[in-house]
Amino acid sequence: MTTDIHIRPATADDIALLADWACAMALETEHKRLDPDTVRRGIRSVIEQPARGRYFIAEREVAFAGRELARVPAGTLMLTYEWSDWRCGDWWWIQSVYVAPEHRRHGVFAALYRHVHGLAEAAGEAVCGLRLYVEKENLAAQRTYASLGMGDAGYLMYEAGMPWLAKVVK
């Protein structure tokens, strides 16, 4: 039985869990296998250099068979920043979203989203808004984002990967 969801900043102690979740998310959503060592280094870089971004972890309070409540990690997201000269502020990009399968459909992402939305509002004009990208075929995620008040920004995304990426993303 769930009673509450708590959001906290991730720490270096969470790197292994975040890396496992990132690898699971890439395989599940994009059918890509990531190099776990590269992912761990990437997550560590964010945690050690907050200007790159920050991770948040959602923990659910659950009781098992009448025992007392315990907090268990349930999901995560990462924020990164994009400067907008048009608006003289940062867009906060929501990335690396993952909710463990056993915690889906329990409001975990909604709690994470509300948390970062509140932080963005509290930052005032320093933050233009929240953005994220979603796979075109991921209709369930699109419905979730729309239900939280997000809308299609009207952009297509293009990229040019560097040759070395083939070694870490398959």
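The values are calculated or read from the model by the stated rules, or taken from the named source; none is laboratory data. What you see is a predicted model; the values in this text were computed from it and never measured. Cβ sites come from the backbone with ideal geometry, for glycine too, and all protein chains shown count toward neighbours. The protein model used for the area step is the full one, side chains on, heavy atoms only, and it has no ligands, DNA or RNA in it. Shrake-Rupley method; radii C 1.70, N 1.55, O 1.52, S 1.80 Å.
List of remarks:
- Rounded accessible area per residue of the chain, 1.4 Å, Å²: 64
- Pair-distance profile P(r), taking every C-alpha pair of the chain, with 10 angstrom steps and integer %: 9, 34, 38, 16, 2, 0
- In region 80-170, the portion of solvent-accessible area held by carbon and sulfur atoms comes to 56 percent [1.4 Å probe, whole percent, DNA, RNA and ligands not counted].
- Length-normalised contact order for region 41-115 - Cα pairs under 8 Å, 6+ apart - percent: 25
- For region 81-134, radius of gyration divided by Kirkwood radius, i.e. Rg to Rh on alpha-carbons: 1.06
- GluC sites (Glu not before Pro) within region 85-170: DSSP coil, no more than 12 neighbouring Cβ in 10 Å: Glu135, Glu137, Glu159
- Among beta bridges from DSSP that stay inside the chain, the antiparallel ones total about 85%.
- The Rg/Rh ratio for region 48-93 is 1.29, where Rg is the radius of gyration of the alpha carbons and Rh is the Kirkwood radius.
- Sites matching trypsin sites (Lys or Arg not before Pro) across region 115-161 that sit in DSSP coil, with at most 12 neighbouring C-beta atoms within 10 Å: Lys136
- The peptide list 33-42, 149-158, put in order of mean Cβ contacts within 10 Å with the highest first, becomes 33-42, 149-158.
- Projecting the Cα atoms of Val169, Trp91, Leu156 onto the charge dipole of region 61-170, computed from C-beta unit charges around the Cα centre, puts Val169 farthest toward the positive end.
- Since only Leu34, Leu69, Trp21 are under comparison, the one whose Cα sits farthest along the positive direction of the charge dipole of region 1-75, derived from C-beta charges on Lys, Arg, Asp and Glu, is Leu34.
- Using a cutoff of 8 angstrom between alpha carbon atoms and counting only pairs six or more residues apart, the relative contact order for the chain works out to 21 percent.
- In region 54-95, the GluC sites (Glu not before Pro) that fall in loop regions by DSSP, at most 11 other Cβ within 10 Å: Glu68
- Estimated dipole of the chain in Debye, rounded to 20 [Cβ of Lys and Arg +1, of Asp and Glu -1, Cα centre]: 260
- Each principal axis of region 1-90 carries a Cα extent, and these read 54, 33, 25 Å when sorted largest first.
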